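Written below as structure tokens is the structure these notes are about.
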Amino acid sequence: MKSHNRPIGIFDLTSECPLRCKHCYFYTNVSQIPSDFNDEEFLKRLRQTRDKYGIRSAFWIGGEPLLKPDLLQRAMALFPRNAVATSGALPIPNDLDAGLLVSIEGPKEVHDMLRGEGAFDTAMQHIKSLSEKSFALATTFTSISVDYIDALPDLVNSTRALGVLIGFHVGRPDDPLRIDNHRRNRAVDQLLQIHQDYPNVLLHSRAAIELFRPRYSREVSKKCIYRDVAIAFDVHFKVKEPCTFAENASCDACGCPIVIAHASWRNQDDKSKGLLRALFPKRKDYLITASV
Ligand code: SF4
Ligand code: SF4
């Protein structure tokens, strides 16, 4: 593999977002967030970046990528595999041909506490238009939401989601939303119990869930996907160092769900390999659209 070859690209499609969530790492330093290019300029630079790094799988985040649905479709057509993360604040197309993650932080009161009044009902309304099991929920535990882990089975069942991709808030030691080690270990115990009682709720394998424990943080960081497999860009295609969390990166407590799954894959965990492949499904029409 060439040293600059990175098969997975994590892209900000836009710097805009209708929400201002308490746990957002994206808006911590607003003065440094570049404004969006026009669509043609964005796509031109996207092609150059794809070719420079050999990117085959694209993960679309933001800001809120569904603010620009047409640009999102054109951008995704340039890659064989895509995944999209949305807050559910805007209507969600049912035909994205990509792995789809809708962020739900817990029951209504917890979700609204983190994402703003009314955010839960709006997201649930938009989820209703999605086909059963065509998407997954994504939940990032913070010191506010971690006490509501037991709500996950009901949330998955009531939304008809495929399951939930869990993560822990990546925050520096002085971040009040970061979960202390003791509580994080207890949370992992609870998650393992849910994994046993409700086998179809959590998307991570048992081995991957174990890796969320603080004592494995060093191992996870050493196997971090951003060291040799993935690369993150802002809307101007500037590389974010060391990862998409930029200055908020906290490798001593990384709870990124994809980094954890990948570390588990590297430990010969085939279920984690399957999860990552499922997150980036192959586009049905890639050979047709790739030449556009
Ligand atoms: S939806 Fe995402 S990008 Fe928007 S404010 Fe919330 S965490 Fe930040
Ligand atoms: S904080 Fe960022 S660089 Fe550090 S282990 Fe997590 S994803 Fe990797």
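Computed from the coordinates by the stated procedures, all read-outs in this text should not be read as laboratory data. These numbers come from a predicted model, not from an experiment. Because the Cβ atoms are built from the backbone with ideal geometry, glycine has one as well, and the counts that use them run over all protein chains shown.
Read through the list (1) touching a helix residue (DSSP H, G or I) at 6+ places or on another chain (Cβ under 8 Å); (2) surrounded by 19 or more Cβ atoms within 10 Å (Cβ to Cβ); (3) touching a residue at least 24 places away in the same chain (Cβ under 8 Å), then give the number of the only condition that GLY62 fails.
(1)
Each row is one residue, and each column tells you yes or no for (1) within 16 Å of ligand 1 (Cβ to nearest atom); (2) more than 20 Å from the chain's Cα centre (by Cα); (3) in a loop (DSSP other than H, G, I, E, B).
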| position | (1), (2), (3) |
| --- | --- |
| CYS21 | yes, no, yes |
| CYS24 | yes, no, yes |
| THR28 | yes, no, yes |
| ASP36 | yes, yes, yes |
| THR49 | no, yes, no |
| PHE59 | yes, no, no |
| LEU90 | yes, no, yes |
| PRO93 | no, no, yes |
| LEU96 | no, no, yes |
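Considering ARG215, ARG178, which residue is more than 19 Å from LEU275 (Cβ to Cβ) and either within 13 Å of ligand 2 (Cβ to nearest atom) or acidic (Asp, Glu) (or both)?
Answer to the check: ARG178.
Counting only residues that are surrounded by 22 or more Cβ atoms within 10 Å (Cβ to Cβ) and part of a helix (DSSP H, G or I), which one in the stretch 237-257 is farthest from ligand 1 (Cβ to nearest atom)?
Across the stretch 237-257, the extreme among qualifying residues is ALA253.
Looking at this structure, is ALA83 of a type in the set (A, V, I, L, M) and touching a His at 6+ places or on another chain (Cβ under 9 Å)?
no
Could you list, in sequence order, the residues of the stretch 165-192 that are closer than 18 Å to ILE260 by Cβ and in a helix (DSSP H, G or I)?
If the condition is that a residue be closer than 18 Å to ILE260 by Cβ and in a helix (DSSP H, G or I), then ASN181, ARG183, ARG184, ASN185, ARG186, ALA187, VAL188, ASP189, GLN190, LEU191, LEU192 are the ones that fit.
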